[in-house]
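Quick one: the structure is below, and I'll ask about it shortly.
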Amino acid sequence: TTPASVLQVAANQTAFPTTNVYGQIEATGGSGASPNRLSMGVLSSVVGSAPAGTGFIQALINATGFTNLVLNPLGGNVGVGTTSPNSRLAVQGLSGSASAIFTVASSTGTPLFNVLPSGNVGIGTTTPSQKLDIASSDDSMFRLSKVGGGWNYINFYNASTGIRQGYFGMGSTGTDMQ
């Protein structure tokens, strides 16, 4: 209860996030009874939507509310699944795994956008079979918009030669199609 340094290792703390913590490491700063905190630990039971055994890192301001957590604010790259990230955020899947290496989900946990190790991207599907696979039950599931007048068209190029092989277009009035 009275740490000797700015790094405190504790178990079964009630300060964050609940008493449902196996153990946590906490760094505190500031003065008074409610200092700012950065806590890391493992949950011993369900907290919100996180199951028991989930690891966490959480920042608190004045022990009254959650605040943003910033990684490498002065530079450097962040890697998930890699020890040598080559961009600001590098996510690398496990070798031989078919699981998505990156997923964006709704607030209910429904996957909305998935990237597989194959490089296939799925919007509305967790099993994209092409480089871009869009699935939707809506009538309008894809939209391209051009700012300004003139023709709206999609070009198809040969990647080897850089020569346009064809195009699909629609006139500025929406009535001409080629």
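How big is the accessible area of residue 56 in square angstrom, nearest 10, if you roll a 1.4 angstrom probe over the protein chains?
Ignoring ligands and nucleic acids, residue 56 comes out at about 30 Å².
If I stretch the segment between residue 97 and residue 163 completely, what's the gain in nm (0.36 nm per residue apart, minus their alpha carbon distance), one decimal?
Details: separation 66, 0.36 × 66 = 23.76 nm, distance 3.65 nm.
Gain on extension, residue 97 to residue 163, equals 20.1 nm.
Additional query: Please state the shape class of region 60-135: rounded when a/c is under 1.5, otherwise prolate if a/b exceeds b/c and oblate if not, all from the C-alpha gyration tensor. Don't skip to the answer; put the middle values down first.
On the way: a/c = 2.85, a/b = 1.48, b/c = 1.93.
Oblate.
Using R₀ = 30 Å, calculate the FRET efficiency as 1/(1 + (r/R₀)^6) where r is the Cβ-Cβ separation of residue 152 and residue 110; round to 0.05.
On the way: r = 32 Å, r/R0 = 1.06.
Using R0 = 30 Å, I get an efficiency of 0.40.
Under the classification rounded if a/c is under 1.5, otherwise prolate if a/b is larger than b/c and oblate if not, where does region 78-178 fall, given a ≥ b ≥ c as square roots of the Cα gyration tensor eigenvalues?
Because a/c hits 1.5 or more and a/b exceeds b/c, region 78-178 counts as prolate.
Please list the non-local residues whose amide H lies under 5 Å from the amide H of residue 54, H modeled 1.01 Å from N, same-chain partners needing a gap of 5 or more.
Close amide H contacts, sequence-distant or interchain: 43.
How far apart, in nm, are the 7 Å Cα→Cβ label points at residue 67 and residue 80?
2.4
The values are calculated or read from the model by the stated rules, or taken from the named source; none is laboratory data. Predicted model only: the values in this text are computed from it and were never measured. Neighbour counts are summed over all protein chains in view; Cβ atoms, including those assigned to glycine, are modelled from backbone coordinates with ideal geometry. Keep in mind that these areas ignore ligands, DNA and RNA; they rest on the heavy atoms of the full protein, side chains included. Shrake-Rupley method; radii C 1.70, N 1.55, O 1.52, S 1.80 Å.
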